[in-house]
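> First, the structure itself, so that you have it in front of you.
The values are calculated or read from the model by the stated rules, or taken from the named source; none is laboratory data. Note that this is a predicted model, so its numbers are computed, not measured. Glycine also receives a Cβ, built like all others from the backbone with ideal geometry; neighbour counts cover every protein chain displayed.
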Amino acid sequence: MNGIPRIVIVICDSLRADLIGPADTPFLTELSERAARFAAHRSVFPSTTRASAASIATGCLPARHGLLGNTMALDEGEGLVCRSAGHPDFPDRMRRATGRTLQVPTLAERLRWHGETSISCANVSPGAAYFQDPDGHGFVYHAAGSYGPGRRPVDDPASARLKKGLAGDRAMTERFCAEIIEERAPSLAIMWLSEPDYTGHHSPLGSPEHRAAIAGADQCARQVFETVRRLDPSGDDILFIAGSDHGMETVSDAIDLDGLLIAAGLKAGPGSRDVVVAPNGTAATLYFAEPDSDRVAKVARFLAAENWAGEVFAGDRLASVGLPSHTAMRVAVTLASDDRLNPHGIAGHCPIVFDPADSESKIGFGQHGGLGANEQLPFLMIEGGGFARGRRSMPTSLVDIAPTVLRHLHMDHDDMDGRALPRDAG
Ligand SMILES: [Zn+2]
């Protein structure tokens, strides 16, 4: 043991805490016995991968980091247009529209201040990968392009070949264990698996395909953990964190929110820039060209009267769900979820907001983005670094991961929305 503190994080995208059990996830089940397990862990809102990635990276809610979902309306000089934050050019568009990417520093940047290195490997969308470190303070490896400090492009054939799904996740895990954790040994190494999210979006939750994806993610997490504990058997130096970013609900219906607003006289027409809907799965955020006009209250009232809408947030209530209240985004809605079982016995259904940029039917498959009980059900387990084993019942959130990482590295962490998680079981 050399006494140098390090952190290794594995994110199993979309893995619901209630789907962890001995049959599909023998490793995570074992880990839950020897690790600190945070039983009331929640995602952010919108509970999308890209906003979640930014919250894990910054320790802040979307209100402070500024990435408001998987899609966001940006005004690059010609009015508001909804853009996918998953596209590789999105960080540059965000810089053009707002002058910067994220509004607060990431873990990668904070580590660089101390001369330490972070390395991130991700098999998710380019947006989710890049928003862990959008300004290039550490290394980010991704199929759409890899870069190192200063956003200097790195030729990385191992990442260029990766495709979403289990085969790509397995190849990434091999490389992450051998080259990143063992050889390069950075202070912070993060690996973000595409599964079970990728399969969950294309098959019913709890189906044989979905369960195989969960089992595959569990094997990848085991391989990383075994590498970590071979290098540091005592667990004193390397803090191991396994978690997910959100859960999923089964899609029951798709709501054409643009069409409804146009029919109600609240939006001029398709593609108009007066009111712009940013679909975020089981949630939507709405942007206004005139954010101080009375149209905001009219739209909020209209949404509140719709039976598919769950809660509607506008004005000061946006802050209660971690969203900003003084940007062009003035209304957010989470769709109405329920606890009905799907054909495979998995609880939770919710409609989604139809996304004109992605017209394939999602009905019967998994989705997320809102505040439904099952999509707000990520898991979190922490092992080593002085964490006592056992279940913790206090509410925790994705934003608590970054301060926990910084505390392990003896770095300041008191300016984030989250707080370093307790090592004691109590
Ligand atoms: Zn995700």
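> Would you mind stating whether Gly247 is of a type outside the set (A, V, I, L, M), within 16 Å of the ligand (Cβ to nearest atom), within 30 Å of Gly364 (Cα to Cα) and touching a Lys or Arg at 6+ places or on another chain (Cβ under 6 Å)? Write out each step before concluding.
Numbers: of a type outside the set (A, V, I, L, M): yes; within 16 Å of the ligand (Cβ to nearest atom): yes; within 30 Å of Gly364 (Cα to Cα): yes; touching a Lys or Arg at 6+ places or on another chain (Cβ under 6 Å): yes.
So Gly247 passes the test.
> Next question. Any residue at all in the range 74-84 that is within 16 Å of the ligand (Cβ to nearest atom) and either of a type outside the set (Lys, Arg) or part of a strand (DSSP E or B) (or both)? So that I can check it myself, show each step before the final result.
First, pick out the residues of the range 74-84 that are within 16 Å of the ligand (Cβ to nearest atom): 84.
Restricting the remaining residues to those that are either of a type outside the set (Lys, Arg) or part of a strand (DSSP E or B) (or both) gives 84.
For the range 74-84, residues within 16 Å of the ligand (Cβ to nearest atom) and either of a type outside the set (Lys, Arg) or part of a strand (DSSP E or B) (or both): present.
> On to the next question. Considering only the range 200-208, I want to know if a residue exists there that is assigned to a helix (DSSP H, G or I) and closer than 25 Å to Gln367 by Cα. Spell out the reasoning first.
Our first condition is that a residue be assigned to a helix (DSSP H, G or I); within the range 200-208, this holds for 200, 208.
From what is left, the residues that are closer than 25 Å to Gln367 by Cα are 200, 208.
Yes - at least one qualifying residue is present in the range 200-208.
> While we're looking at this one, here's another question. Taking only the range 149-188 into account, find how many residues are in contact with a Lys or Arg (Cβ under 9 Å, 6 or more places away or on another chain) and more than 23 Å from Gly86 (Cβ to Cβ).
7
> For the subset of the range 114-167 comprising residues that are in contact (Cβ under 8 Å) with a residue 24 or more places away in the chain and part of a helix (DSSP H, G or I), which member is surrounded by the fewest Cβ atoms within 10 Å (Cβ to Cβ)?
By that ranking, first place goes to Pro149.
> While we're here: State whether the residues of the range 264-275 include one that is away from the ligand (no atom under 16 Å from the Cβ), touching a Gly at 6+ places or on another chain (Cβ under 6 Å) and either touching a residue at least 24 places away in the same chain (Cβ under 8 Å) or not basic (Lys, Arg) (or both).
Initial filter on the range 264-275 (away from the ligand (no atom under 16 Å from the Cβ)): 264-275.
Subset that is touching a Gly at 6+ places or on another chain (Cβ under 6 Å): 273.
When the remaining residues are screened for being either touching a residue at least 24 places away in the same chain (Cβ under 8 Å) or not basic (Lys, Arg) (or both), the result is 273.
Taking every residue of the range 264-275 in turn, at least one turns out to be away from the ligand (no atom under 16 Å from the Cβ), touching a Gly at 6+ places or on another chain (Cβ under 6 Å) and either touching a residue at least 24 places away in the same chain (Cβ under 8 Å) or not basic (Lys, Arg) (or both).
> Any chance you could count how many residues in the range 380-405 are among the hydrophobic types (A, V, I, L, M, F, W, C) and surrounded by fewer than 22 Cβ atoms within 10 Å (Cβ to Cβ)? Reasoning before the result, please.
Taking the range 380-405 as the starting set, the residues that turn out to be among the hydrophobic types (A, V, I, L, M, F, W, C) are 380-382, 387-388, 394, 398-399, 401-402, 405.
Those left that are additionally surrounded by fewer than 22 Cβ atoms within 10 Å (Cβ to Cβ): 388, 394.
Here the count works out to 2.
> Here's something else I'd like to know. Hey, could you check the range 2-19 for residues that are part of a strand (DSSP E or B) and among the aliphatic types (A, V, I, L, M) and say which is nearest to the ligand (Cβ to nearest atom)?
To start, the set of residues in the range 2-19 that are part of a strand (DSSP E or B) comprises 6-12.
Checking the rest, the ones that are also among the aliphatic types (A, V, I, L, M) come to 7-11.
On the way: Ile7: 20, Val8: 19, Ile9: 14, Val10: 13, Ile11: 8 Å.
Looking at the filtered set, the residue picked out is Ile11.
> Which residues, counting only those in the range 168-199, are aliphatic (A, V, I, L, M) and not in a strand (DSSP E or B)?
So in the range 168-199, the residues aliphatic (A, V, I, L, M) come out as 171-172, 178, 180-181, 185, 188-191, 193.
Hits for the range 168-199 are Ala171, Met172, Ala178, Ile180, Ile181, Ala185.
> What are the residues in the range 53-73 that are among the small types (Gly, Ala, Ser), within 14 Å of the ligand (Cβ to nearest atom) and under 15 Å from Asp133 (Cβ atoms), if any?
In the first step, residues of the range 53-73 are kept if they are among the small types (Gly, Ala, Ser); the result is 53-55, 57, 59, 63, 66, 69, 73.
Adding the requirement that they be within 14 Å of the ligand (Cβ to nearest atom) leaves 53-55, 57, 69.
Result: Ala53, Ala54, Ser55, Ala57.
This table checks each residue for (1) touching a helix residue (DSSP H, G or I) at 6+ places or on another chain (Cβ under 8 Å); (2) among the hydrophobic types (A, V, I, L, M, F, W, C); (3) free of Cβ contacts under 8 Å to residues at least 12 places away in the same chain.
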{"residue": "Ala305", "(1), (2), (3)": "no, yes, yes"}
{"residue": "Arg317", "(1), (2), (3)": "no, no, yes"}
{"residue": "Val333", "(1), (2), (3)": "yes, yes, no"}
{"residue": "Gly345", "(1), (2), (3)": "no, no, no"}
{"residue": "Gly370", "(1), (2), (3)": "no, no, no"}
{"residue": "Gly386", "(1), (2), (3)": "no, no, no"}
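> Quick check on my filter: what residues within the range 95-128 are modelled with pLDDT under 95 and of a type in the set (A, V, I, L, M)?
Ala97, Ala128
To keep it simple, each residue is scored yes or no on (1) touching a His at 6+ places or on another chain (Cβ under 8 Å); (2) more than 30 Å from Lys298 (Cβ to Cβ).
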position: Cys220; (1), (2): no, yes
position: Val228; (1), (2): no, yes
position: Ser234; (1), (2): no, yes
position: Ile255; (1), (2): no, no
position: Leu266; (1), (2): no, no
position: Gly281; (1), (2): yes, no
